[in-house]
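This report refers to the structure that appears directly beneath it.
Here, each number is a calculation from the coordinates, and none is a lab measurement. Just so you know, these numbers come straight off a predicted model, no measurement behind them. For neighbour counting, all protein chains shown are included, and Cβ atoms are generated from backbone atoms with ideal geometry for every residue, glycine included.
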There are 4 protein chains.
Amino acid sequence: MNRKNFLNAGFGRRGFLSGSSLLLTGALLGATEKSEAKPAEVPDPPADGPQDKESLLADLVTANHILQDQGVVDGYGHVSVRNPTNPNHFYISRWLAPDLVTPSDIVELDLDCVSVNGDTRKLYSERWIHSEIYRVRPDVKSIVHSHAPTVVVMGTINEPLLPVYHMGGFLGTGLPVFDIRKSFGMTNMLINDASKGKALAQTLGDKPGALMRGHGGITVGNSIMHSVGRSVYLKINAEMHLQAGGRKIETLAPEEAKLAEAGNQEFPKDWDLWKRAVLAKR
Amino acid sequence: MNRKNFLNAGFGRRGFLSGSSLLLTGALLGATEKSEAKPAEVPDPPADGPQDKESLLADLVTANHILQDQGVVDGYGHVSVRNPTNPNHFYISRWLAPDLVTPSDIVELDLDCVSVNGDTRKLYSERWIHSEIYRVRPDVKSIVHSHAPTVVVMGTINEPLLPVYHMGGFLGTGLPVFDIRKSFGMTNMLINDASKGKALAQTLGDKPGALMRGHGGITVGNSIMHSVGRSVYLKINAEMHLQAGGRKIETLAPEEAKLAEAGNQEFPKDWDLWKRAVLAKR
Amino acid sequence: MNRKNFLNAGFGRRGFLSGSSLLLTGALLGATEKSEAKPAEVPDPPADGPQDKESLLADLVTANHILQDQGVVDGYGHVSVRNPTNPNHFYISRWLAPDLVTPSDIVELDLDCVSVNGDTRKLYSERWIHSEIYRVRPDVKSIVHSHAPTVVVMGTINEPLLPVYHMGGFLGTGLPVFDIRKSFGMTNMLINDASKGKALAQTLGDKPGALMRGHGGITVGNSIMHSVGRSVYLKINAEMHLQAGGRKIETLAPEEAKLAEAGNQEFPKDWDLWKRAVLAKR
Amino acid sequence: MNRKNFLNAGFGRRGFLSGSSLLLTGALLGATEKSEAKPAEVPDPPADGPQDKESLLADLVTANHILQDQGVVDGYGHVSVRNPTNPNHFYISRWLAPDLVTPSDIVELDLDCVSVNGDTRKLYSERWIHSEIYRVRPDVKSIVHSHAPTVVVMGTINEPLLPVYHMGGFLGTGLPVFDIRKSFGMTNMLINDASKGKALAQTLGDKPGALMRGHGGITVGNSIMHSVGRSVYLKINAEMHLQAGGRKIETLAPEEAKLAEAGNQEFPKDWDLWKRAVLAKR
């Protein structure tokens, strides 16, 4: 694979960012950072047009491994990315623990979760988490479903999860909590059909993520790097909240949270670090 | 070893599951998942008849290593499996830390904990945990004895351990707590003879597991994969309970727990993941 | 090194255990366990006479690494063993982080902490922890000084650390807490001379260990394996106490604790496991 | 590189320590320790004159890796060292996750954060944390910016972080908390210009470190080894504070803290241990 394309994994921003966030990011970059030369380890600016499929799927595989390594998923949990050339399709692994995912395990589904290539392999029972959010959130390019223990706990204790620090800025004034019992009564807690996926997407609204009572959580993003970064900082922020042990936490004011989120971009420094960590273990 | 048999380790369901749970599992499978092709990494459907001995013992050895790797046991704790061809026998390691177990360490005992092959090697002092549960629970095919710290704590603080999330569904309305002092007065806390094993089995009743005050816990299952999966999720659920730090937790309703349990099957995705992790370290 | 002697490391009990605990151990062994054959991995019965020096020092080096690996020490903390052929001498590493210790780093000191071989290398500033306890406790053959965080915390919150489970049985009705300020006023908290060592030994009394306010803790034992095992279970028990978050814990009754302690012997299963773990990392 | 210079990394004390702390350290050394021979693993006494640049930058790279390994930083956070031959310059990595830093990534900046070599590579947006502290603290030779979760929490719960044990002695009567909102209103929480750096330096005063509300913390020191050691023990001390779960902690008296700090020197035993750990992973 062409190294430049590989390093662009996740950075195909031209095709992804909406106009306004691009302007905001540009303004911040101008205000805070020097112009950069191009050493090997810093990702190149996005190439024109959408990211090529091979490097996108390589990033999706890497994202699966990162999520396991960072404690966001275990045997359960998943990550997907919208097809940059067809917004009605998305890529996700077949039914498999994320840490075991390889490129040949990736399938392409449409928004009814039908495999577009006639692939008949078993799929995640909760694929509708992804399809139904992609359906109503054109800005979302990638979704992570998390089973991190502290994230699970935060969905059950009726306390808002507010940003304890700037890396959690995207949490804003808190994430919505989806409680499947409200619309569906007693279930096995799984988002295992379209109507449950739609209900979750409705609770998510325009937020960067949601907690799922008795289950876990989700984060969405402009790119794989973005949804993965958010899922890790959601987990860390949940850990901090619980470490405070019930004390009053001076969390970020809403305006601070918003400014901090813009300052974090899509967590590129983390992506490089986390990717290197999982490559070293294979 | 034949790869198909190896992958069937733990999936010899035909010989194991009772009729009603097989029906329930079948109904859920029909409702939630697509038909599957047969890629290498997903376990094949169970072969006819019981699993062959060689692969069963390989799984038992792997289970020992998984339990150490997942923090369920340390120098102490053990796992056993009933002999599929003779329900009055079971396999367990000789006296050894689980992480050190190899196939040559496995012994076969009858329900009086007598070695059936004249093996004279030292055995676990608490082998009666296993024999006495196998004696009264024909549905149980595998047992894990856990020393996970959070599980120990949950047996001492007089709070029910309810499912915080769907992976703990099998916890239902809570596990019974065995307090050895009630029947035996002051002891060294060990289940080191048949009468103590019988008392523990009585407390266990028809439940999927029990806590042991001042000691640890046990989980039982339809297969090695099942008892091991339950022991890990028992530990994770206990951690979540304690992380909530005394706050009220919105745990799963009894009906949700029951449905969630059925939805989890016997944790096959975890088994593949955990097995790969321990193989990578040897 | 002769494998049999190596495996006897820590098991030179004939020279170590007092008569009464030997009887008690024998009675328990008779009651609970089958006679053992001699597979390679289970330690042989103690050889006659004291353990040879080479294998003893190898065990001391291993103990240093185990203590780091198990989180009992970090850059600080140490372990020593009494010279089995001269009770007025003991072996300890020179001033070095425990994980870096090799056989050539071991020095032999007398009870005034003078090097017996004219070795002039820098020593631990707190070597008097060891010398002064050996001076007044002829039963003690090995001492560990711990900096485990949860052990440090337990020395500062004015709550007795009672056995939460049977592996902490040796904690009995709690460990004494040494507060250096009581006898020495304001200091740098270090046991850096004989008088402070004597004060600590006095607080220790005939107990298996002591906490040191604002500092850490110590455990003593009949052998390296025993003091090391106690230091790890002290740490685990402290963790459990803190995980319970202030709730009332149903701890072991004094009689249960005593019986449990006898049942644990000197933690041989753990030693084998922990040793294998550190050998695998070198 | 000359091994002696390499081991002196961080020990160029002659050029670094102020007169009074040198006297105090000398007095303590005389009182507590034997004279040392010169085995390979114990750092040599400082060479005359400042440390050579090559070994200094090697230590700075190692410090970056240690900080990741010890959980003080993750994708974010940084460490710098003042140029011993020009106090108006300092060395720091370019914009990169600390664990990825290599010698070629180090840049040299002046106190206005201008690169002195015309290097145009992207820099940390928070480099003014370093420049503005070096500007007003001539005693400070190295600075660490930490994102350790427990340190973040301690900056938000309005409780002083006092030394729980002697290794936290430098915390004295507590660290100041910098709240950016007080002087700058709503921001993205980053110290991303000179005025914010000056405000942080003012809050720091003459202390060994400061917490930053909603952000993390900083530690300063006489050398890389010193600032790094303090950052790790700040983290551990914060963990202990939170593990105590709101209970009253018998922390070190101010006099004990001062004496303990002097007794710890600059954490040389830790540096050797932590360095060896990161070298083993590369």
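Structure summary
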{"read-out": "Peptide-level mean, for C:262-273, of C-beta atoms on other protein chains within 10 Å", "value": "4"}
{"read-out": "Packing-based exposure ordering (other Cβ within 10 Å, fewest first) of C:Val177, C:Val81, A:Val228", "value": "C:Val177, C:Val81, A:Val228"}
{"read-out": "Whole-Å distance, taken between Cα centres, linking the range C:231-265 and the range A:174-250", "value": "37 Å"}
{"read-out": "Label-to-label distance, nm, for residues given as C:Glu255 and B:Asp110 (7 Å Cα→Cβ offset)", "value": "3.6 nm"}
{"read-out": "Distance (nanometres) between label positions extended 7 Å along Cα→Cβ at C:Asp139 and C:Lys248", "value": "3.3 nm"}
{"read-out": "Per-bin percent of Cα-Cα distances, the range B:155-282 [5 Å]", "value": "2, 11, 18, 20, 18, 14, 11, 5, 1, 0"}
{"read-out": "For C:Pro160, inter-copy label distances in nm, listed shortest first [label point 7 Å out on the Cα-Cβ vector]", "value": "3.2, 3.2, 4.6"}
{"read-out": "Per-residue mean of C-beta atoms belonging to partner chains within 10 Å, peptide B:151-158", "value": "6"}
{"read-out": "Fewest-first ranking of B:Thr150, C:Thr85, A:Thr203, using other Cβ atoms within 10 Å as the exposure measure", "value": "C:Thr85, A:Thr203, B:Thr150"}
{"read-out": "Filter on C:Lys207/D:Lys258; C:Lys207/C:Lys275; C:Lys235/D:Lys235; D:Lys53/D:Lys258; A:Lys141/A:Lys269; A:Lys258/B:Lys269 - keep pairs with C-alpha separation over 30 Å", "value": "C:Lys207/D:Lys258; D:Lys53/D:Lys258; A:Lys258/B:Lys269"}
{"read-out": "Per the axis that maps chain D onto chain B, nearest residue of D (Cβ criterion) and its distance in Å", "value": "D:Gly245, 4"}
{"read-out": "Peptide D:165-172, shielding by other chains (average Cβ, 10 Å cutoff)", "value": "5"}
{"read-out": "Environment charge at A:Pro149 (Cβ cut-off 10 Å; Lys +1, Arg +1, Asp -1, Glu -1)", "value": "-2"}
{"read-out": "Relative contact order of the range C:206-279, defined on C-alpha pairs under 8 angstrom at six or more residues apart (%)", "value": "27 percent"}
{"read-out": "Label spacing, shortest first and in nm, from A:Gly246 to its equivalents in the remaining copies (7 angstrom along Cα→Cβ)", "value": "0.4, 0.4, 0.5"}
{"read-out": "Label geometry 7 Å along the beta-carbon vector: B:Val114 inter-copy distances in nm", "value": "6.6, 6.6, 9.3"}
{"read-out": "Label zone at D:Leu279, where the point sits 7 Å out along the Cα-to-Cβ direction: the range D:69-98 residues whose backbone N lies under 18 Å", "value": "D:69-70"}
{"read-out": "Inter-part distance where the range A:57-99 and the range D:142-172 are each reduced to a Cα centre, Å", "value": "37 Å"}
{"read-out": "Cα-projected label distance for C:Thr102 with A:Glu159, points at 7 Å along beta-carbon direction, nm", "value": "5.0 nm"}
